[in-house]
Structures are given as C-alpha cells and as structure tokens.
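Visitor: Sharing a structure here in structure tokens format.
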Amino acid sequence: MATTVLRVNQDLASAVREAEERYAKANPRSAEYFAAAGHAMPGGNTRTTIHFSPFPLCMSKGEAGRLTDVDGHSYADFVNEYSAGLFGHSNPVILDAVRSAAADGIAFGAPNRFEAQLAAEVTRRFASMDRVRFCNSGTEATLLALSTARAMTGRPKIMAFEGAYHGSLLNFDRGGSPLNASFPVVVSTYNDLECARADIYEHAASLAAVIVEPLQGGAGAIPGERGFLEGLRAACDECGVLLIFDEVMTSRLSPAGLQGVLNIRPDLTTLGKYLAGGLTIGAFGGRSDIMARFDPVAPNAWPHGGTFNNNVLAMAAGHAALAKVLTAETLESMNSQGDRLRHRLNDLARRYDLPMQVTGAGSLFGIHFHHGQIRNVGDLRRGETGRESAIRLLKALFHLDMLAQGQYLSRRILANLSLETTEADLDDLCVAVEEFLASRGALIREAVSAPE
Ligand SMILES: Cc1ncc(COP(=O)(O)O)c(C=O)c1O
C-alpha cells in the first residue's frame, strides 16, 4: 500500500478515527467479506485473536514472507500465524510433503508412516521429552499436560502465572476467562520467585503442577528470568509438584527450545504452532515414567483418543519441516535477525526519546508504549492505570499506520519473524516505525504516563 502522509497536531481519538476512515476506504472488499461473515458467525468471527476494528483484513494469498489481501494490497508478514508460520507461506519442501501425502489419501484411522518419524524428531531435539503424544492444538496440549499431571500426582490444583496464555480454555489474563477449564487454579506472579515459591509451598499438598511459559508470549513477549525459572524447578522438586514448560510458542528459540538454552529440564513440555510446518498440531510429552501411562497395553493405561491426533498431512508436513528445513543454522539465523531488529527498534525509541520499548527474545517480539522495566504484566498494568483507553487507542493507531505502510502486525503488537523474513523486510519495518515515532510523537507522549 502506498505510504500515506500522516497528520500531526491531532488528538488521539480523532487520529484513530481518521486512520480508520482511511483504512475502510482502502479495503472495501475486506469490509464486504466481514459483513457477509456476520450472517453465520457471531461478529463475523471464529477466532477472537484475529479480530480488530473496524474490521480485519481478509487475506487471499501468502507467498514466502508476504501476504496479499482481497483488495490486492501486499504486506510483509510479521504476524506469521502467531508464530505457527515459521516456515513462511510457500516452503517448497513442506508443500511437496503435503502434496505427496495427500496423493496417498488423507484419513486412514490407523497408524501412518509419518507419526513415529515426527515423534523421533521431537524427542531427539527436546532432551526432557522422553516420549511424546500428538493432538490438534496448543490448547489441547496444555489441557492434556495439566490433566496428566493431576492424574499422575492425584492432586487437583494447578498453578499458572498472571497474564499467561496457555490456550483458549486456559487464559490467565486480567483475572482469567469465564470459558476457562474448571481446574482449581492458583495464579502467581511471573518473574517473582519469592511470591511463586510461597504459593507453591502454601498449596503443595494439593498442587499437581506449575505451568509456565519460559517467555510469556501472549502477555507481550516478556522473557522469564533464568533465576525465576530455575527457582521454580527447585521449588517443584522440593514439593513433589510437576513442572510443565509451555513451549508452544518459545520452542522456536533454539533447536532444543528455550529449555535447551536455559538448561532446565521440565517434567512435561507442550508444543504446537510451527511443529507441523504450519498445519494443525499440538504435542505434549516428557518423563518416560509419566508418558508410559499412555501405553495402551500398560496396566491402568490412561486413554487419550483424538480423531486427528496423527492426521496424515500434519504428520508428513511436520516431519519434513523438522527433518529437512529447520536446521540449527536456519533457526539461529532467524533468531539473531530478531535480536538485531529489537535492538534497532529500541534504538529508534531512544533516539526519538519516546516511551516505546520492544521486548522478547530471538524471533519473538512485543512492542509496548511504556516507561520503565517490564518483568510481568503487573508492570504493564501499573503503567497503564487510568490510561487504559489512551493506550488502546495508541495501539490501534500504530497498527493502522503500520498496515497503511504494508506492515502486517497484530493489534496487540505481538510479532515474530519467519524463515522468509528478509533484511529488506526489517529495514522497511524500521522505516515505518520511525515514521510513526516522528509523526505521532506528541500523541505517544500524551498517552503514556510519565514515571513517578
Ligand atoms: C504459550 C501458548 N500456549 C498455548 C497456546 C494455544 O495454542 P492453540 O492456539 O494452538 O490452541 C498458545 C497460542 O497462542 C500459546 O502461545
């Protein structure tokens, strides 16, 4: 989309209004799709995450690291299917694997040639995963890991961290969702070891598991501190509580996941997102004594069915993606590209002396309009107190301005790179962000509270 001249000297609400009008005018076909979708789906939506106002873009094609919408605009993709699109949109190895598997039939109701190969790749990479089982989403994987921990320990409660997103039924943002699975939950504070240890000890007798993202993704790409995560491992050992690393998003940060970088061995791990090359998947696995209970011929075996657990296309694509595409070198190069991008964007914010900061690790990043340190969502919320609607408007303005510059980002500004992201893509994103900082600086200062 053509670069737009951005107006200055506006208040935030009118700047957003103007940006929405510009957006609606540029995207009539997406607007039509959205209106039609509303006839059969509530709010025209089947996935809350991808909705934004005034209406989301309807995409018609993805190629390499770019998306094209139904109005013909082309975007550099920094959403990348919320990190499942690690391989970009048209990796030939993955497409070949899908085509050739599909040519032999897609639903057997029996083991196929690919699931054991994918399982072998997963257990070879993730040292703590002696055995693995597949399912259909990250949500399913975390539900299954938590249920496994409850069955294994005979204890009912689970502990999670404020702001954590472990799936649509395990959402611990802002007090949790009414749709959450009804496990009794203790919610503790991320990156606060003293608090977490106290919570684990207080509930130890009834606590089955602590589930933690080693970098909180949905909360805004907030890295877990090594001492905090090591301390959780120790406290869980002391209290006989199982430690679950939800690496659905973070496993891309090294060939052995973030647990490999940190050298921490959880009892169970959950995976998903990119693991099937962009097709539907979830996985959970870990200690052999725990996973052995899923052996169908074990005495007192736990049943775990799932029509699509070994879906031929997903298994074939996943095996090809891991075995043939996702080498240590390709991952390393994508993650160091992400490190460089974060530094460049943070340098821009410093240069313009504006309260914007980019958090994350490797190829995962979140952009925040915030003064001061961000160690957990509490830090973000304290900064936003009394200014929630201003921050919401500022994010909307940023998002709409980025779309106008051909940069596809999410409304909450959680982003990631793919293997197809180019250096030119990074340069273009930096130019677009710099233009935002230059033209919207006064609005940013107005929206973000100064430190006390
Ligand atoms: C850390 C984490 N766990 C679980 C999930 C849920 O995965 P899915 O959307 O595949 O159900 C997500 C999704 O964003 C996630 O980021």
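The values are calculated or read from the model by the stated rules, or taken from the named source; none is laboratory data. Keep in mind that this is a model prediction, so the values were computed, not measured. In this analysis, Cβ positions are derived from the backbone assuming ideal geometry, glycine residues included, and neighbour counts consider all displayed protein chains. Calculation scope for accessible area: heavy atoms of the full protein, side chains included, ligands and nucleic acids excluded. Shrake-Rupley method; radii C 1.70, N 1.55, O 1.52, S 1.80 Å.
Visitor: Please list the equivalent ellipsoid semi-axes of the stretch 372-420, computed as the square roots of five times the alpha-carbon gyration tensor eigenvalues, in descending order and whole angstrom.
Guide: After diagonalising the Cα gyration tensor, the semi-axes are 24, 16, 6 Å.
Visitor: Quick one: helix 12-26 against the long Cα principal axis of the chain, what's the angle to the nearest 10°, folded into 0 to 90?
Guide: Rounded to the nearest ten degrees, it is 80.
Visitor: Which angle from 0 to 90°, rounded to the nearest 10, does the C-alpha axis of helix 388-404 make with the longest principal axis of the chain?
Guide: Long axis of 388-404 versus the principal axis of the chain: about 80 degrees.
Visitor: Next question, about the same structure. Summing -39500 (n - 2.57) over the DSSP H runs of n ≥ 4 in the chain and dividing by its residue number, what mean residue ellipticity at 222 nm do you reach, to the nearest 500 deg cm²/dmol?
Guide: For the chain, the value works out to -13000 deg cm²/dmol.
Visitor: With the other protein chains left in place, how much accessible area per residue, in square angstrom, belongs to the chain at a 1.4 angstrom probe?
Guide: Using a 1.4 Å probe on heavy atoms only, each residue of the chain averages 42 Å².
Visitor: Here is a follow-up. What order, most packed first, do the peptides 210-217, 163-170, 303-310 have when packing is the mean number of other Cβ atoms within 10 Å of each residue?
Guide: Descending packing order for the listed peptides: 210-217, 163-170, 303-310.
Visitor: Another question, if that's okay. Out of A396, G372, S147, whose Cα points farthest toward the positive end of the dipole of the chain (charges: +1 Lys, Arg; -1 Asp, Glu; placed on Cβ)?
Guide: Farthest towards the positive pole: S147.
Visitor: Next question, about the same structure. Kindly write out, for the stretch 201-206 in residue order, the coupling ³J(HN,Hα) from the Karplus curve 6.51 cos²θ - 1.76 cosθ + 1.60 (θ = phi - 60°), rounded to whole Hz, with x marking Gly and Pro.
Guide: Going residue by residue, I get 5, 4, 9, 3, 5, 10 Hz, with x marking Gly and Pro.
Visitor: On a full-extension model of 0.36 nm per residue, what is the gain between R381 and A198, subtracting their alpha-carbon distance, rounded to one decimal in nm?
Guide: Values: separation 183, 0.36 × 183 = 65.88 nm, distance 2.30 nm.
Taking 0.36 nm per residue and subtracting the Cα distance, the gain is 63.6 nm.
Visitor: Looking at the chain, how many pairs of lysines come closer than 28 Å at the Cα, when each pair is eight or more places apart or spans two chains?
Guide: Details: K25/K61; K25/K395; K61/K273; K61/K324; K61/K395; K157/K273; K273/K324; K273/K395.
Qualifying lysine pairs in the chain: 8.
Visitor: Which peptide among 422-428, 434-440, 401-407 comes first, and what is the full order, when sorted by highest mean count of other Cβ atoms within 10 Å?
Guide: The densest-packed peptide leads the list: 401-407, 434-440, 422-428.
Visitor: Now for a different question. Roughly how many percent of the accessible protein surface of the chain is carbon and sulfur, given a 1.4 Å probe and a whole-percent answer?
Guide: Working: 10100 of 19040 Å².
Roughly 53 percent, rounded to a whole number.
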